[in-house]
Every structure is written in structure tokens, then in C-alpha cells.
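The structure appears below as C-alpha cells.
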Amino acid sequence: MPSFRDSGLASSIPNTSRARRSLVSGITRLWASRLSANELRIHLFSSTTFEYTSQILMVPALRQVASTMSTRKITKRLPVFLAFILYLAISFLYFGTTRNYSHRYLGWGADPTAYIWFLNWWPWAIGHGINPFVSHYVWYPQGFNMTWAGSVPAAALLMVPVTMMANAVVSFNVLSLLAPALSAWAAFLLARYLTRDTFASFIGGYLFGFS
């Protein structure tokens, strides 16, 4: 059986390391063009450039590309997660002053108690088969239409697990701490998308969320 060298192809195969670098560069460019995995596979195997080197170079080249892409994704996303953690820490530093989150709430005036009642009302009414949009437990006997007030139904339903495991006071405190942090983080993401400047975007997000 003739060897690979005897077949006449040995002279036509380029240096392995150089060909591997060229293959990695080609695969990276194809990936950057947002081809699907199937399209990328078809393109690679149909190309005459990669046809005779695919079996020799494809596996290590793809591994190198995958490793590079994974590292770039982690490096790109790390500032995003760190920004949220820092905003959340700042929120706790500024507003997390209460020691008992199940019996004391953040804020003052009548609004916090109203929101605590709303957070408890929606899951309780739905769980008891009562129309949650109208309550006769306030302003009796006429009742009160919940659509006339900021009764936060989405937040109440989102916090159902916390309300059930603890109470509506804890749900309110959690939302109160998350609100400025999430607002700052959303502003950070928008500013970073527009400016590509992580530090300036972090300052902008802080000013938006905590001013």
C-alpha cells in the first residue's frame, strides 16, 4: 500500500503550523460573518483550500478557535457582571439600613405601606379566586379599582415566591434594593453599547441610578 509521501501529495501540503494558523484565521473570519454552524461546516468542507488539510488540521484548529472565542466572551462579559455587582453593593450601602427585612421596610410616608399591600393583594386574590382588579377590602362598600393606582401587578406576581416564603415586607425591601441597581445597570449597558467606554459608562450608570 503506497504511503502518504509516495502518493505525491506530500509536496503540496504546506507547513503544518503555518497551515493551521491560516485555517484558524479563515474559520474566525467565517464565524465573524455570522454563519450558522451547519453553513460553516459546509463551507469549510466544500473549499478546495481546506479539502486535503481538513483531516489533519481541522480538530486542533477548531479547538484553538473555540478556546479563543470562549476567552473573548468571558473577557467581554466580565465587566457587565462586575458592574451589576457593584451597583447592587452600592444600593445596599445606601439603602440597606434596616436590620430586620421582614418587619421593617425601606422608605417613609404612606407609599411603602400601600405597595406592601399591593404586593400581598395580587397573589392572595388570585389564590382565592377573587377578581384582583377590584378590591372590596378597601373603601368598603364601594371597593377600589386597582387599575386606578400603581398597584404593581407584574412586580407582585414576580415576587410571589418571596412573598409566600417570607412576606410582602421582604418582597418590598428586595424590590427597593434592586430598583436603583437595575436602573443603573440598564443605563450602563446602554452607555457602554453607544460609547464602548466601560469606565465612563459605569459612572453614567451610577449617576442615572442613584441620583
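With R₀ set to 45 Å, the beta-carbon distance separating L194 from Y140 gives a calculated FRET efficiency near 0.30.
Residue ranges 107-113, 171-177 sort as 171-177, 107-113 when ordered by packing (mean number of other C-beta atoms within 10 Å per residue, highest first). May I ask you to list the residues of the stretch 174-195 whose amide nitrogen lies under 20 Å from a point 7 Å from Cα along the Cα→beta-carbon direction of Y94? Only 174-192 pass the distance filter. Counting 0.36 nm for each residue step from S211 to H103 and taking away their Cα separation leaves a gain of 36.1 nm. The calculated FRET efficiency for the pair F133 and D111, based on their C-beta separation and a Förster distance of 25 Å, comes to about 0.75.
With coordinates expressed along the principal axes, the C-alpha atoms belonging to the stretch 73-211 extend over 57, 31, 26 Å, beginning with the largest.
Laboratory data are not the source of any read-out in this text; all were calculated from the coordinates shown. Computed from a predicted model, the values in this text were never measured in an experiment. All Cβ positions, even for glycine, are placed from backbone atoms using ideal geometry, and neighbour counts span all protein chains on display.
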